[in-house]
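Contents: one structure, followed by commentary.
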Amino acid sequence: MNKEVLLQNINKVHTTEMGIDRIKKNLKIDTNNVVEFCKSKVLDSNCKIYKQGKNWYCEIDNIKITINSYSYTIITAHVIK
């Protein structure tokens with residue numbers, strides 16, 4: 001599965017209220033638009049995107065963003081230790 005699928009569907013990427021809180025807490029970011037923050041990371045040409053199982057993983061700037069490949073829901077994001 002190539003990353004073009006995710007990039008072509010970037011407009012479908014979204015998250016839940018719980019997801020917003022989780023991502024803000026995990027990344028220690030204070031932004032009103034977590035989805036746009038994550039999308040901008042995914043769209044960065046330096047972002048390493050790969051698929052494992054049912055999820056896309058996007059790694060950039062010591063951050064790993066997990067996106068469900070069917071619903072395009074941002075599940076979580078973590079700082080890579």
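Values in this text are rule-based calculations from the coordinates and carry no lab data. Treat the numbers as computed from the prediction; the structure is a model and nothing was measured. Don't worry about glycine lacking a Cβ; one is built from the backbone with ideal geometry, like all the others, and counts go over all protein chains shown.
Odds and ends about this structure:
- Being in contact with a strand residue (DSSP E or B) (Cβ under 9 Å, 6 or more places away or on another chain) and touching a residue at least 40 places away in the same chain (Cβ under 8 Å) is a property that LYS64 lacks.
- Whichever residue in the range 5-60 is polar (S, T, N, Q) and under 12 Å from the mean Cα position of the chain (by Cα) and, among such residues, is surrounded by the most Cβ atoms within 10 Å (Cβ to Cβ): THR15
- A single entry from ASN2, ASN26, ASN46 fulfils the requirement of being more than 23 Å from LYS81 (Cβ to Cβ), out of contact with any Pro (no Cβ under 7 Å at 6 or more places or on another chain) and not hydrophobic (A, V, I, L, M, F, W, C): ASN2.
- Every condition in (1) out of contact with any strand residue (DSSP E or B) (no Cβ under 9 Å at 6 or more places or on another chain); (2) within 19 Å of LYS81 (Cβ to Cβ); (3) free of Cβ contacts under 8 Å to residues at least 12 places away in the same chain is met by ASN32 except one, and the failing one is (2).
- First in the range 1-22 and over 18 Å from LYS51 (Cβ atoms), second anywhere and in a loop (DSSP other than H, G, I, E, B), Cβ under 7 Å, 6 or more apart: HIS14/TYR72
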